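Chemist: I am attaching a structure below and will ask some questions about it afterwards.
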Amino acid sequence: MMTIFYEVHNGLYVNLTNKCPCNCTFCLRKTMESVGGSGPLWLDHSPSKEEVFAALDEQDLSKYEEVVFCGFGEPTEAFELLKETAAEIKSRSCVPIRLNTNGLGCLVNGRDIVPEMAGLIDTVSISLNTPDPEEYYNIVRPRFGRASHAEMLRFAAECAKVIPKVVLTTVDTTIPKEEEEKCRQICESLGVSYRIRPWEE
Ligand code: SF4
């Protein structure tokens with residue numbers, strides 16, 4: 001069974017890919033098959049546009065407060081499909097659309113993808129994880145190396161130019177309060193919001 005859409009709280013989540021350029025030490029995929037009541041989020045193949053749209057036909061978009069591209073992988077690894085799916089959802093409903101991302105989608109796609117998200121994505125939520133680039137490298141273990149932290153921040157700043165809401169997140173209890181304060185300052189300097197999110201999201 002392929003779980004492309006699944007519910008979390010009042011959101012409809014979208015699982016387009018299991019690919020990711022990172023190998024975070026804390027990645028849920030290491031220990032879990034699913035999230036909340038979802039079916040298994042490991043996909044047996046990368047879904048086609050036809051498969052995603054057929055699964056979308058089964059969803060009642062009016063039930064949800066938002067649609068969230070998330071899943072067991074980095075959504076920008078399937079960027080063309082992400083855009084097509086977001087556009088299709090926009091044509092069917094005015095439900096807001098959020099992208100949860102590691103912020104490395106421009107490196108993943110080898111080009112600046114931010115302008116292509118304008119009008120399709122209402123909120124971009126980016127995992128900051130830590131204010132410290134070396135610590136980031138050690139826990140996120142991105143295949144793009146040590147420049148990844150700076151690229152993630154650059155991506156956030158670019159998103160802030162064209163996306164209505166941009167949020168950088170850390171996870172509650174994973175970094176000391178002083179580091180959360182540094183994160184807050186980073187967000188302020190970039191003109192984006194800061195959110196400390198609970199563990200399970
Ligand atoms: S970026 Fe997300 S999907 Fe990728 S390894 Fe880290 S936690 Fe897992």
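The values are calculated or read from the model by the stated rules, or taken from the named source; none is laboratory data. Model, not experiment: these values are computed from the prediction. Glycine gets a Cβ as well: all are built from the backbone with ideal geometry, and neighbour counts include every protein chain shown. To get the accessible areas, we keep the full protein, side chains included, count just its heavy atoms, and leave off ligands, DNA and RNA. Shrake-Rupley method; radii C 1.70, N 1.55, O 1.52, S 1.80 Å.
Chemist: Please give the length that would be gained between L28 and R92 if that part of the chain were fully extended, namely 0.36 nm times their separation in residues minus their C-alpha to C-alpha distance (nm, one decimal). Write down the numbers at each step before the final one.
Modeler: Values: separation 64, 0.36 × 64 = 23.04 nm, distance 3.15 nm.
So the chain would gain 19.9 nm between L28 and R92.
Chemist: Next question. Filter the GluC sites (Glu not before Pro) in the stretch 14-68 down to the DSSP loop ones having no more than 16 other Cβ atoms within 10 Å, then list what survives. Walk me through the intermediate numbers first.
Modeler: Details: sites: E33, E50, E51, E58, E65, E66; in loops: E33, E58, E65.
Passing both the DSSP loop test and the Cβ count: E33, E58, E65.
Chemist: Right, another one. Show me the chymotrypsin sites (Phe, Trp or Tyr not before Pro) within the stretch 12-44 that DSSP assigns to loop and that have at most 16 other Cβ atoms within 10 Å of their Cβ. Could the numbers behind the result be given before it?
Modeler: Details: sites: Y13, F26, W42; in loops: F26, W42.
Counting only loop positions with at most 16 other Cβ atoms within 10 Å, the chymotrypsin sites (Phe, Trp or Tyr not before Pro) in the stretch 12-44 are F26, W42.
Chemist: Projected area of the stretch 78-134, taken from the Cα convex hull and averaged over every viewing direction, in nm²? If you can, show how the numbers build up before the last one.
Modeler: Values: hull surface 18.1 nm².
One quarter of the hull surface, i.e. the mean projection, equals 4.5 nm².
Chemist: Given H placed 1.01 Å from N in the peptide plane, which residues other than close sequence neighbours of G103 have an amide H under 5 Å from its amide H?
Modeler: Close amide H contacts, sequence-distant or interchain: S127.
Chemist: What whole number of Å gives the distance from the Cα centroid of the stretch 1-47 to the Cα centroid of the stretch 104-168?
Modeler: With the stretch 104-168 and the stretch 1-47 each reduced to a Cα centre, they are spaced 20 Å.
Chemist: Which of the pairs K30/K177; K90/K177; K30/K90; K30/K63; K83/K165; K19/K177 have their Cα atoms more than 29 Å apart in this structure? Don't skip to the answer; put the middle values down first.
Modeler: Numbers: K30/K177 27 Å; K90/K177 39 Å; K30/K90 33 Å; K30/K63 31 Å; K83/K165 18 Å; K19/K177 32 Å.
Checking Cα-Cα distances, K90/K177; K30/K90; K30/K63; K19/K177 exceed 29 Å.
Chemist: Pull up the DSSP beta bridges for the chain and report the antiparallel fraction as a percent, rounded to 5. Present the calculation step by step, with values, prior to reporting the outcome.
Modeler: Values: 4 of 25 bridges.
Here the share of antiparallel DSSP bridges comes out near 15 percent.
Chemist: No other cysteine beta carbon under 4.7 Å away is the test; run it over the chain and list who passes.
Modeler: When partners are defined as cysteine Cβ atoms under 4.7 Å apart, the chain leaves C20, C22, C70, C94, C106, C159, C183, C187 without one.
Chemist: Could I ask something else about it? Pick from T31, T76, T17: which is most flexible by mean-square fluctuation in a GNM of the chain where alpha carbon atoms under 10 Å apart are linked?
Modeler: With Cα springs under 10 Å in the chain, the top fluctuation among T31, T76, T17 is at T31.
Chemist: Exposed loop sites here are trypsin sites (Lys or Arg not before Pro) in DSSP loop states with at most 14 other C-beta atoms within 10 Å. What is the longest stretch of the chain lacking them? Before the final figure, lay out each step's value.
Modeler: Values: sites that count: R111, R143.
Here the longest run is 1-110.
Chemist: So, one more: Quote the charge dipole size of the stretch 5-197 about the Cα centre in Debye, to the nearest 20; the model charges only the Cβ of Lys and Arg (+1) and of Asp and Glu (-1).
Modeler: Using only the charged Cβ atoms, the result is roughly 340 debye.
Chemist: Is the shape of the stretch 1-131 best called rounded, prolate or oblate, per the rule: a/c under 1.5 gives rounded, else a/b larger than b/c gives prolate, else oblate, with a ≥ b ≥ c the square roots of the Cα gyration tensor eigenvalues? Each step should come with its number before you reach the end.
Modeler: Values: a/c = 1.42, a/b = 1.10, b/c = 1.29.
Taking the square roots of the gyration eigenvalues as a ≥ b ≥ c, the stretch 1-131 is rounded.
Chemist: Where the accessible area of the chain is counted over protein heavy atoms with a 1.4 Å probe, how much of it, in %, is carbon and sulfur? Present the calculation step by step, with values, prior to reporting the outcome.
Modeler: On the way: 4870 of 9510 Å².
Looking at the chain in its full context, I get 51 percent from C and S.
Chemist: Filter the chymotrypsin sites (Phe, Trp or Tyr not before Pro) in the stretch 131-201 down to the DSSP loop ones having no more than 10 other Cβ atoms within 10 Å, then list what survives.
Modeler: Details: sites: Y136, Y137, F144, F155, Y194, W199; in loops: F144, W199.
Sparse-neighbourhood loop chymotrypsin sites (Phe, Trp or Tyr not before Pro): W199.
Chemist: Oh, and also: Skip the ligands, DNA and RNA, and give the accessible area per residue of the stretch 34-157 with a 1.4 Å probe, whole Å².
Modeler: Details: 5140 Å² over 124 residues.
For the stretch 34-157, the per-residue accessible area is 41 Å².
Chemist: Which value, in debye to the nearest 20, describes the size of the charge dipole of the stretch 111-181 about its Cα centre when Lys and Arg Cβ atoms bear +1, Asp and Glu Cβ atoms bear -1, and nothing else is charged? Display every interim value, and only then the final one.
Modeler: Numbers: 8 positive and 13 negative charges, 74 e Å.
Dipole about the Cα centre, nearest 20: 360 debye.
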